[in-house]
Amino acid sequence: MIKILFVCHGNICRSPMAEFLFRDLLHKQGLEGRALVASAATSAEEIGNPVYPPARRKLAQLGIDAGGKRAVQLVRADYGRWDRLIGMEQYNIRNMLRILGGDPEGKVFRLLDFTARPRDIEDPWYSGDFDTACTEIREGCAALLDRLRAEGQL
């Protein structure tokens, strides 16, 4: 079973959206139980808080319930617990590498680097654009799933 941790700044918008969208994708592909999926924050400011209401509403529009999810912080020991640690933007990657103490096994990625058009996913907490964030996260999750299948990990 592959273990995937999605990471963003606060773990209330992008990374929980990625966590739930990827789980939904696995379910729809009949692959649930083949991956352990979670999410975390690089900062401590939102720890314990639920998914941000606009992100929760966006997921609900897709029939996905994000209830019960609370923000947690990435810690150094997570490097040994997860096979892939996937940030949403370059800023997240920098902070992840600082927290994790580097990436000697090549486990840290940016989500949209799996797509044909690598780029950052803008933080919708600041932009207010949850539609674009969700579209980009779905694109990244689909590309990640394709990559994992191609590598024989799913």
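Tabulated data
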| read-out | value |
| --- | --- |
| Built amide H within the under 5 Å cut-off of Phe6, gap 5+ | Ala38, Ser39, Ala40, Ile86 |
| log10 of Debye I(q)/I(0), alpha-carbon scatterers only, for the stretch 1-69 at 0.13, 0.18 Å⁻¹ | -0.34, -0.65 |
| Helix runs (DSSP H) in the chain reaching 20 Å along axis by Cα, Kyte-Doolittle at least 0.0 | 130-150 |
| Part-to-part distance (alpha-carbon centres) for the stretch 32-61 and the stretch 98-154, which is given in Å | 15 Å |
| Charge tally in the Cβ shell below 12 Å around Ser43, where Lys, Arg are +1 and Asp, Glu are -1, Ser43 excluded | -2 |
| Relative packing of 1-14, 25-38, 136-149, which averages over residues the other C-beta atoms within 10 Å, highest first | 1-14, 136-149, 25-38 |
| Dipole magnitude (debye, nearest 20) for the stretch 2-150, charges at Cβ of Lys, Arg, Asp, Glu | 360 debye |
| Those residues of the stretch 137-154 whose amide nitrogen sits under 14 Å from the label point placed on Lys28, 7 Å along Cα→Cβ | 137-146 |
| Rounded to 5, the percent of DSSP beta bridges in the chain classed as antiparallel | 5 percent |
| R0 of 30 Å, Cβ-Cβ distance Ile64-Tyr126: FRET efficiency to nearest 0.05 | 0.85 |
| Shape box of the stretch 2-150 [Cα atoms, principal axes, largest first, Å] | 39, 37, 29 |
| Lys/Arg +1, Asp/Glu -1 at C-beta; the stretch 76-154 dipole; positive extreme among Leu97, Phe130, Leu145 | Leu97 |
| Computed E for Glu151/Arg76 - FRET, C-beta separation, R0 35 angstrom, nearest 0.05 | 0.85 |
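Here, each number is a calculation from the coordinates, and none is a lab measurement. This structure is a prediction, so every number in the text was calculated from the model and none was measured. Note that each Cβ is placed from the backbone with ideal geometry, even for glycine, and that neighbours are counted across all protein chains shown.
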